[in-house]
Amino acid sequence: MLLRLAEPLAMPLREQNRLLLAAGYAPVHGEQALEAPDMAAALAAVEAVLKAHAPFPALAVDRHWNLFRANDAATAMLRNIDPTLLAPPVNVLRATLHPKGLAPRIENLAEWRHHLLARLRLDIDRSGDPELEALHAELVRLPCPISRQPPGAAARIAVPLAIRSEAHGRVLSFLSTTTVFGTATDVTLAELTLECFYPADDDTRQALLSGSRR
């Protein structure tokens with residue numbers, strides 16, 4: 001009965017286990033380390049997605065937005081930021097919004113920051129995770145410029161990431177998609193998220209494709 005109630009509420013597997021424990025039942029969803037032998041097939045699928053997405057950036061993060069895997073294009077985006085932000089575990093939200101991270105290179109920082117914090121708040125509302133709450137409190141204290149949305153921004157279908165690339169000598173614009181294991185029954189696997197970035201304009205696409213052919 002409890003699991004039937006949890007399903008329409010889209011309650012995460014970790015929270016379902018907590019609900020069962022609170023009611024005096026044993027948890028039904030297992031939780032293994034991502035390096036466990038039983039995870040091999042799932043991790044091979046993650047690696048395949050990241051590799052196939054090249055030359056566009058893609059990465060996998062855990063439930064606290066800590067970096068688990070990244071393809072070469074995503075790793076390149078993190079180069080030349082403060083080394084302290086790259087000390088494991090690398091939190092991609094902190095590395096993105098910190099003034100010593102990617103923030104100075106993001107052309108639409110105020111807009112992208114709002115987008116990321118809204119996603120983080122949604123994660124907190126779903127999970128009640130105190131570590132995510134602490135991360136949110138940390139990130140909202142970071143300095144942020146006043147939003148300067150370009151003409152027509154309100155009519156866009158999605159929020160892009162516009163970031164200056166030293167390697168390409170121009171601003172690259174991306175749209176992001178989020179992928180999860182929709183049929184996962186393991187808590188850890190269900191909390192793994194793939195973030196894939198696609199070119200938002202033809203100039204970005206051509207810049208990345210031409211760079212991959214060199």
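Taken together, the values in this text are just the output of simple stated rules run on the coordinates, not laboratory data. Just so it is clear, the model here is predicted, and its values are computed rather than measured. Counting neighbours? That spans all protein chains shown, and the Cβs are built from the backbone with ideal geometry, glycine included.
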Legend entry - Of the chymotrypsin sites (Phe, Trp or Tyr not before Pro) in the stretch 64-121, those whose Cβ has at most 13 other Cβ within 10 Å and which sit in DSSP loop: none
Inset, instruction - List ASP202, ASP123, ASP38 from most exposed to least, where exposure is judged by having the fewest other Cβ atoms within 10 Å. - result: ASP202, ASP38, ASP123
Inset, instruction - Could you calculate the FRET efficiency of TYR198 with ARG79 from 1/(1 + (r/R0)^6), where r is the beta carbon distance between them and R0 is 22 Å, rounded to 0.05? - result: 0.60
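Decide, for the stretch 27-128, between rounded, prolate and oblate: order the square roots of the alpha carbon gyration tensor eigenvalues as a ≥ b ≥ c, take rounded if a/c falls under 1.5, and otherwise choose prolate if a/b is larger than b/c, else oblate. Write down the numbers at each step before the final one.
Values: a/c = 1.98, a/b = 1.34, b/c = 1.49.
Note, shape of the stretch 27-128 comes out oblate.
If Lys and Arg each add +1 and Asp and Glu each add -1, what is the summed charge of the other residues whose beta carbon sits under 12 Å from the beta carbon of PRO99?
Working: positive: ARG94, LYS100, ARG105, ARG113, ARG141; negative: ASP82.
Taking every other residue near PRO99 into account, the sum is +4.
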